[in-house]
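The values are calculated or read from the model by the stated rules, or taken from the named source; none is laboratory data. Remember, predicted model here, so these are calculated numbers, not experimental data. As a convention, Cβ positions derive from the backbone with ideal geometry for all residues, glycine included, and neighbour counts pool all protein chains shown. Keep in mind that these areas ignore ligands, DNA and RNA; they rest on the heavy atoms of the full protein, side chains included. Shrake-Rupley method; radii C 1.70, N 1.55, O 1.52, S 1.80 Å.
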Amino acid sequence: MLSESQSVVSDVSVPPLTRPQLAEARRMRAVELFEQGRPHAQIAGMPGVSPESVRRWKRQWEQGGAPALRRSPATGRPPKLDDAQVEQVRAALEQGAQAHGFEADLWTLERVGLVVERVSGVKLARASVWRLLTG
């Protein structure tokens, strides 16, 4: 039995860090070590860090400080659907295929694509429909 001062830790799973997040964490740790005046060899001794990377990070840090080593936002084409449109599509899909005039209550990429176009006015390629469903 638990006393009042003890607490129960809920079973909340924390997703693992992504590769870009891990890389940024290594760079931020390197910044801490640069600020402490640690030698390059010690920093390069960290897992996944090469001496070349340490030299490059040090130059970037000297020129722009820690922000220069932060992850930059993703580049590329912006998504065709905004968050509100995605939610509208999800709500429409939850109604089932028959609610959208299909004979069987079965979703295919083509059918989902048609619903996306009807709901949002945006025509997506099959690959984009798949990413929408799995993302």
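Quick check on the range 78-98. Is at least one of its residues closer than 26 Å to LEU17 by Cα, among the basic types (Lys, Arg) and modelled with pLDDT under 95?
no
Being open to solvent by 70 Å² or more (accessible area, probe 1.4 Å) and in contact (Cβ under 8 Å) with a residue 24 or more places away in the chain is the filter here, so list the residues in the range 49-85 that pass it.
ARG70, ARG71, LYS80
For the range 91-131, name all the residues that are polar (S, T, N, Q) and either within 17 Å of LEU81 (Cβ to Cβ) or open to solvent by less than 100 Å² (accessible area, probe 1.4 Å) (or both). Walk me through how you get there before you give the answer.
Of the residues in the range 91-131, the ones polar (S, T, N, Q) are 95, 98, 108, 120, 128.
The answer is THR108, SER120, SER128.
Residues in the range 107-121 that are farther than 12 Å from LEU133 by Cα and either among the hydroxyl-bearing types (Ser, Thr, Tyr) or at pLDDT below 95 (or both): how many?
Final tally of qualifying residues: 1.
Given the criterion assigned to a loop (DSSP other than H, G, I, E, B) and of a type outside the set (Val, Ile, Thr), identify the matching residue among ARG55, ARG71, ARG59.
Working: ARG55 fails: assigned to a loop (DSSP other than H, G, I, E, B); ARG59 fails: assigned to a loop (DSSP other than H, G, I, E, B).
Being assigned to a loop (DSSP other than H, G, I, E, B) and of a type outside the set (Val, Ile, Thr) holds for just one of ARG55, ARG71, ARG59, which is ARG71.
Do we find that PRO15 is open to solvent by 90 Å² or more (accessible area, probe 1.4 Å) and at pLDDT below 95 in this structure? Give the derivation first.
Numbers: open to solvent by 90 Å² or more (accessible area, probe 1.4 Å): yes; at pLDDT below 95: yes.
For PRO15, the condition - open to solvent by 90 Å² or more (accessible area, probe 1.4 Å) and at pLDDT below 95 - is met.
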